[in-house]
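K.L.:
First the structure, then my questions, so here it is.
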Amino acid sequence: MGANVMGISADLQASLCAALNDDMVLTDADEMLRFCRDWHGDVTSSAVAVLRPRSTGDVSAAVRACRTLNLSIVPQGGNTGLVLGGIPDQPANQVIISLERMNAIRNIDADDFSAIVEAGCILSEIKDWVADKDMYFPLALGAQGSCRIGGNVSTNAGGINVLRYGMTRELVLGLEVVLPDGTIFNGLSTLRKDNRGIDLKQLFIGAEGTLGIVTAVSIKLTPFPDQVVTALLGLNSLDDAIKLYRRARRDCCDLMSAFEFMPPLAFVLAKEAIPDLPMPIAGDYAAYVLMEVSGSGLVDISDLMERFLGGVMEDGLVVDGVIAASQAQARNLWLFREGMNEGQAKRGSHLRTDVSVPLSRLADFVRDAEQGVSDALPDCISVSYGHVGDGNVHLNVLPPPGLSPEEAATRIYSAKTVVNAIVDSYNGSISAEHGIGRLKRVDFEKRLDPSRRALLTALKQAIDPSMVMNPGCQLNFTGTS
Ligand SMILES: Cc1cc2nc3c(=O)[nH]c(=O)nc-3n(C[C@H](O)[C@H](O)[C@H](O)COP(=O)(O)OP(=O)(O)OC[C@H]3O[C@@H](n4cnc5c(N)ncnc54)[C@H](O)[C@@H]3O)c2cc1C
């Protein structure tokens, strides 16, 4: 038997089928396509096979089979990652292990404020299941209808509620992981306090599948916030948005659950994607904030928001604003935030960044970076928005229409170089929440302190000495390209 155009050996595929339950192995190129293409459709790869286990035992068997056949493993959840961590880069000897069929809820314990879910559970489904028990899982992101909890853990996902509830790391109580030799690490505790030495689950959170395959997760729940008030506010500047954030942190008694900054261009982009979206606010402002305050129990959230906005409008920090009067109106306000992403995608390939700087310097950073881009690339447009409360900005750069793919790629590369250099000068991070994957590996390695590299390499060698797990993702541990 020979190899196909991607160099994929039919012998290897047959050996995998022989070693594992037939139902687990996909080798048909058409069936594998959705697993091998990234969310934006920018990259299409392939794999020797896609394995779809139904249980932790299946995952362990799959890992052992891959080791025997000298195949390396790319774990995959919902394939919504934005840095190519879940897409093979060496299709001829990589297998995707998709967790999508491990999607059972093992337990929801409302008295313990915890649940145990399998890695392939879709985030929005987890939120719905626990809501039925009047509980809340606070992780919230635009991809929540498709991303899976194992992927969220492996990328330490952030999203819109980080400022109140923290990143995924802070919502995980325990993990079950299949290690690179196929053994199972059972750390599925639901204890909130457990100081028995080094907390091993932390190693796998944010590891992007380089140390093992997460198969189940114990998660922290909170009471369901039955009062949620959403407001869209018009401001004179991003500086005022930062001042408003500081004030809201104090005045809203830590009940603020989202604080998103958007530029005026957000509305133009959102309308390009969703033309009949009603304009929520009259007048043009230099900066907009989408803010949400939420709570449960005896607090009156509407009163809190109204009193807060009354004060900041009187002080001139907010010029105009609208408070959603219904869930449907709140949804429409969020559609602007989500629609602006779709609008950017419609304008063609562009630079998408996910950077963070200290909150106190965020407005200066945005000004400097946008100026840097416009000096270097006068025909490109910068659009900066994001989870401002976390110091996290997506400073994206849109090349002008009508360029060839090569011309657009050159602009995108130059823009990235400009933005990253300014991030460095602010002691910021080139990846605030999306991870490193394959897309940011070179930029990450360039900035890696030698002591951190040595620790990461030692860790990889201790847990995955055969370099089976997701090689090429995060770091090039072997030193070869
Ligand atoms: C519209 C949109 C909005 C988004 N918004 C946000 C946002 O606000 N904040 C944010 O942080 N991210 C955001 N993302 C990025 C993405 O949704 C997150 O990174 C998400 O956590 C990825 O989950 P996934 O299941 O799709 O993982 P995948 O894309 O399948 O995988 C991501 C990485 O995790 C590894 N992996 C996946 N599952 C496992 C597992 N079970 N065990 C070990 N390794 C595994 C993969 O190998 C890969 O390296 C957004 C993406 C989109 C498309």
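K.L.:
Considering each residue of region 58-101, count those that are touching a Cys at 6+ places or on another chain (Cβ under 7 Å) and either near the ligand (Cβ under 8 Å from one of its atoms) or assigned to a helix (DSSP H, G or I) (or both), and give that number.
P.N.:
Here the count works out to 4.
K.L.:
State yes or no: is SER302 surrounded by fewer than 16 Cβ atoms within 10 Å (Cβ to Cβ) and within 22 Å of PRO223 (Cβ to Cβ)?
P.N.:
It is true that SER302 is surrounded by fewer than 16 Cβ atoms within 10 Å (Cβ to Cβ) and within 22 Å of PRO223 (Cβ to Cβ).
K.L.:
Could I ask something else about it? Which numbered condition trips up GLU370, out of (1) outside any loop (DSSP other than H, G, I, E, B); (2) among the charged types (D, E, K, R); (3) out of contact with any Leu (no Cβ under 8 Å at 6 or more places or on another chain)?
P.N.:
Among (1) outside any loop (DSSP other than H, G, I, E, B); (2) among the charged types (D, E, K, R); (3) out of contact with any Leu (no Cβ under 8 Å at 6 or more places or on another chain), GLU370 violates only (3).
K.L.:
While we're on this one: List every residue pair whose Cβ atoms sit under 7 Å apart, with the two residues 6 or more apart in sequence or on different chains, where the first one lies in region 363-376 and is in contact (Cβ under 8 Å) with a residue 24 or more places away in the chain and the second, anywhere, is surrounded by fewer than 18 Cβ atoms within 10 Å (Cβ to Cβ).
P.N.:
Partner pairs satisfying both residue conditions: ALA363/ASP239; ALA376/SER414.
K.L.:
Could you check region 104-129 and list, in sequence order, the residues that are within 16 Å of ALA216 (Cα to Cα), of a type in the set (A, V, I, L, M) and more than 9 Å from the ligand (Cβ to nearest atom)?
P.N.:
Of everything in region 104-129, those that are within 16 Å of ALA216 (Cα to Cα), of a type in the set (A, V, I, L, M) and more than 9 Å from the ligand (Cβ to nearest atom) turn out to be ALA104, ILE105, ILE108, ALA115, ILE116, VAL117, ILE126.
K.L.:
If you don't mind, there's one more thing I want to ask. Do you know which residues across region 392-434 are farther than 19 Å from ASN341 by Cα and within 16 Å of the chain's Cα centre (by Cα)?
P.N.:
SER429, ILE430
K.L.:
I need the full set of residues from region 115-132 which are small (Gly, Ala, Ser), surrounded by 23 or more Cβ atoms within 10 Å (Cβ to Cβ) and touching a Phe, Trp or Tyr at 6+ places or on another chain (Cβ under 9 Å), in order please.
P.N.:
ALA115
K.L.:
Provide a single number: the residues in region 130-145 that are of a type in the set (A, V, I, L, M), within 14 Å of the ligand (Cβ to nearest atom) and out of contact with any Leu (no Cβ under 7 Å at 6 or more places or on another chain).
P.N.:
3
K.L.:
Any chance region 146-159 includes a residue that's aliphatic (A, V, I, L, M), more than 12 Å from the ligand (Cβ to nearest atom) and out of contact with any strand residue (DSSP E or B) (no Cβ under 7 Å at 6 or more places or on another chain)?
P.N.:
No, region 146-159 contains no residue that is aliphatic (A, V, I, L, M), more than 12 Å from the ligand (Cβ to nearest atom) and out of contact with any strand residue (DSSP E or B) (no Cβ under 7 Å at 6 or more places or on another chain).
K.L.:
Additional query: Examine region 318-325 for a residue that is touching a helix residue (DSSP H, G or I) at 6+ places or on another chain (Cβ under 7 Å), over 20 Å from HIS434 (Cβ atoms) and in a strand (DSSP E or B), and state whether such a residue exists.
P.N.:
Yes, there is a match, as at least one residue in region 318-325 is touching a helix residue (DSSP H, G or I) at 6+ places or on another chain (Cβ under 7 Å), over 20 Å from HIS434 (Cβ atoms) and in a strand (DSSP E or B).
K.L.:
Evaluate the following for LEU179: is it more than 12 Å from the chain's Cα centre (by Cα), at pLDDT 95 or above and of a type in the set (A, V, I, L, M)?
P.N.:
In short, yes.
K.L.:
For region 377-424, name all the residues that are of a type in the set (Asp, Glu) and within 16 Å of the ligand (Cβ to nearest atom).
P.N.:
Residue satisfying the conditions is ASP390 alone.
K.L.:
Which of (1) touching a Gly at 6+ places or on another chain (Cβ under 8 Å); (2) crowded, with 20+ Cβ neighbours inside 10 Å; (3) modelled with pLDDT under 95 does GLN474 not meet, given it meets every other one?
P.N.:
Every condition holds for GLN474 apart from (3).
K.L.:
Being small (Gly, Ala, Ser), modelled with pLDDT under 95 and either within 16 Å of the ligand (Cβ to nearest atom) or closer than 22 Å to CYS253 by Cα (or both) narrows it down to one residue among GLY321, GLY310; which is it?
P.N.:
GLY321
K.L.:
Test of understanding: among LEU171, LEU179, which residue is crowded, with 17+ Cβ neighbours inside 10 Å, more than 30 Å from MET340 (Cβ to Cβ), touching a residue at least 24 places away in the same chain (Cβ under 8 Å) and within 16 Å of the ligand (Cβ to nearest atom)?
P.N.:
Result: LEU179 is the single residue among LEU171, LEU179 that is crowded, with 17+ Cβ neighbours inside 10 Å, more than 30 Å from MET340 (Cβ to Cβ), touching a residue at least 24 places away in the same chain (Cβ under 8 Å) and within 16 Å of the ligand (Cβ to nearest atom).
K.L.:
I would also like to ask the following. Residues that are of a type in the set (Ser, Thr, Tyr): find the strands (runs of 3 or more DSSP E) completely inside region 150-249 holding 2 or more of those.
P.N.:
213-220
K.L.:
Are there any pairs with C-beta distances below 6 angstrom linking a residue in region 187-215 that is more than 16 Å from the ligand (Cβ to nearest atom) to a residue that is modelled with pLDDT of 95 or more, with the two at least 6 apart or on different chains, and if so which?
P.N.:
These pairs meet every condition: SER189/GLY174; THR190/ASP112; THR190/SER114; THR190/LEU173; THR190/SER218.
The values are calculated or read from the model by the stated rules, or taken from the named source; none is laboratory data. Just so it is clear, the model here is predicted, and its values are computed rather than measured. For neighbour counting, all protein chains shown are included, and Cβ atoms are generated from backbone atoms with ideal geometry for every residue, glycine included.
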